[in-house]
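The values are calculated or read from the model by the stated rules, or taken from the named source; none is laboratory data. Since the model is a prediction, treat every value here as computed from it, not as a measurement. Here the Cβ is made from the backbone with ideal geometry for all residues, glycine too, and neighbour counts use every protein chain on show. With ligands, DNA and RNA removed, areas are computed over all heavy atoms of the protein, side chains included. Shrake-Rupley method; radii C 1.70, N 1.55, O 1.52, S 1.80 Å.
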Amino acid sequence: MSTQTPPSVHATGHLVDDETVGLRTFEATGGDWSDIAEEAARLGEQRIVVNMGPQHPSTHGVLRLMLEIDGETVTEARAGIGYLHTGIEKNMEFRTWTQGVTFCTRMDYVAPLFQEAAYCLAVEKLLGITDDIPVRATEIRVLMMELNRIASHLVCLATGGNELGATTIMTIGFTAREEILRIFELISGLRMNHAYIRPGGVAQDIPPGALDSVAEALVGVRKYMKQLEDLMLGQPILKGRLQNVGVLNLAGCMALGITGPMLRSTGLPYDVRKAAPYCGYETYDFDVPVSEGSDCWDRMVLRIEECYQSMRIIDQVVERLKASAGTPVMVADKKVAWPAQLAIGSDGMGNSLDHIREIMGTSMEALIHHFKLVTEGFRVPAGQVWQTVEHPRGELGVHLVSDGGTKPYRAHFRDPSFNNLQAVSVLCEGGQVADVVCSVASIDPVLGGVDR
């Protein structure tokens, strides 16, 4: 509990004066709460500081919210981060350019394919091979990213509903997400943290029948999305909880560098896929949904609409993939390209048996090259590059610096969750304690991306 009156007070189990600078603070550790409350009441102090998290189920990971409350009103809100710090960016400096994919995919674990795509696009820019990437590899990247966008938004909608007590929204949302995770497992071998998109292309082509499975999965996803719409958009209680809550206007978003659905809910149709197209997004027909309510309700509605727009893109890319069947999925330059014809053997997934027979039996030079490519990696010309993609939570940026070696000199990511979390105080202060959950859910932060 804290107030703005002069001296500072600290206690362990009881309240004891300790004159230092600034605030008057009551720090209670141990003891009986009724005694502490009675002492605070005697001193006439009304404001209380509470910690929400970092082990709170409504803080989307290990986010710590420090809330100062006056009754039920939040007078000050601050975000405490760093509890999930993994050192991914620093670790990438000690791994080859290709191995870096296995690190950055683990940052925002709800949308791993976007980190992979942004990182690989940046590496390809440094290598000067952007125009050499096979068309089919680019189409597969678009397919995987848009499927991942839907899966990420479903997590946001499902957990947001559950935090407000609507468990059915959670079960339907996660059931719909399972349809997409099965596709990821079919194509990449993993449900998440795929390391599927690699510099030069993708790890392997999509297996036979995968496009039919995608079409079937979308039928199920559309059915579940309709159920979510009925449960959420037509629910007066949910509307009452979310409308005019967590309002952040366009000026606030621009001042804080906020992007994604939070920015588009203010009426600005900024989307990197349209503003600075990559992976051929300029050739796809889709809309950028916007609204002008700038509140939690509008952000929820926008994410639902974005799922439908992603399905529009997927329908188009599936047709293109049918037409490009049999074409390469990895750049032709063997000095960069990892083998992209994988097979499942007794020791798990690895290089195709034909490739193994060639390098082991017919060409010593090929074996040496394969060994050096995998263990040492390829060299990237010295320079630096900036690449952005439209992540489900906003603009994801990658800054890579090369000193001409086989490892990044520096890798830094501008994760949208990190920037968007700056809005916590603006969204929460002046509102009710119960609305903090709604506001944080509308930001949709993933702490793996925030802390890195």
What's the ranking of 360-370, 243-253 by average number of surrounding C-beta atoms within 10 Å, highest first?
243-253, 360-370
In range of the label at Arg312: residues from region 107-140 whose backbone nitrogen is under 12 Å from the point 7 Å along Cα→Cβ:
none
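Rounded to a whole number, what % of the accessible area of the chain do carbon and sulfur atoms account for, probe 1.4 Å?
Details: 10620 of 19340 Å².
Here carbon and sulfur together make up 55 percent of the probe-accessible area.
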For the chain, what does the accessible surface come to per residue with a 1.4 Å probe? Please give it in Å².
43 Å²
Calculated FRET value between Asp132 and Asp70, using beta carbons and R₀ = 45 Å, to 0.05:
0.15
What is the distance, in nm, between label points placed 7 Å from the Cα along the Cα-to-Cβ direction at Glu38 and at Ala366?
8.5 nm
In order over region 266-277: 3J(HN,Hα) from phi, Karplus 6.51/-1.76/1.60, θ = phi - 60°, whole Hz, x for each Gly or Pro, gives 9, x, 8, x, 8, 9, 4, 4, 9, 6, 9, x
Quick one: ranking Arg393, Arg410 by accessible area, 1.4 Å probe, largest first, what do you get?
Arg410, Arg393
Need the full-extension length gain, Val401 to Ala255, defined as separation in residues times 0.36 nm minus the C-alpha distance. One decimal, nm.
49.8 nm
Would you mind giving the average projected area, over all directions, of the Cα convex hull of region 100-142 in nm² with one decimal?
3.1 nm²
Pairs beyond 22 Å (Cα-Cα), from Lys125/Lys274; Lys274/Lys334; Lys334/Lys372; Lys239/Lys274; Lys372/Lys407:
Lys274/Lys334; Lys239/Lys274
Run the paramagnetic zone check for Tyr109: 7 angstrom along Cα to Cβ, then residues of region 410-435 with backbone nitrogen under 19 Å.
415-418
Solvent-accessible area of Lys90, probe 1.4 Å, all protein chains present, reported in Å² to the nearest ten, please.
120 Å²
Report the relative contact order of the chain, percent, no decimals, based on alpha-carbon pairs under 8 angstrom and at least 6 residues apart.
22 percent
Calculated from DSSP H runs of 4 or more alone, at -39500 (n - 2.57) each and per residue, what is the 222 nm mean residue ellipticity of the chain, nearest 500?
-14000 deg cm²/dmol
Checking understanding here: applying a Kyte-Doolittle mean of at least 1.0 and a length along the axis of at least 15 Å (C-alpha), which whole DSSP H helices in the chain pass?
433-443
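Which number comes out as Rg/Rh for the chain once both Rg and the Kirkwood Rh are worked out on C-alpha atoms?
A ratio of 1.04.
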Pairwise label distance in nanometres, Lys334 with Asp230, each label 7 Å out on the Cα-Cβ vector:
5.8 nm
Quick one: which of 133-141, 169-177, 425-433 comes out on top by average Cβ neighbours within 10 Å, and what's the full order, highest first?
133-141, 169-177, 425-433
In nm, give the distance between the simple-model label positions of Lys322 and Lys274, each being 7 Å from the Cα along the Cα-to-Cβ direction.
2.8 nm
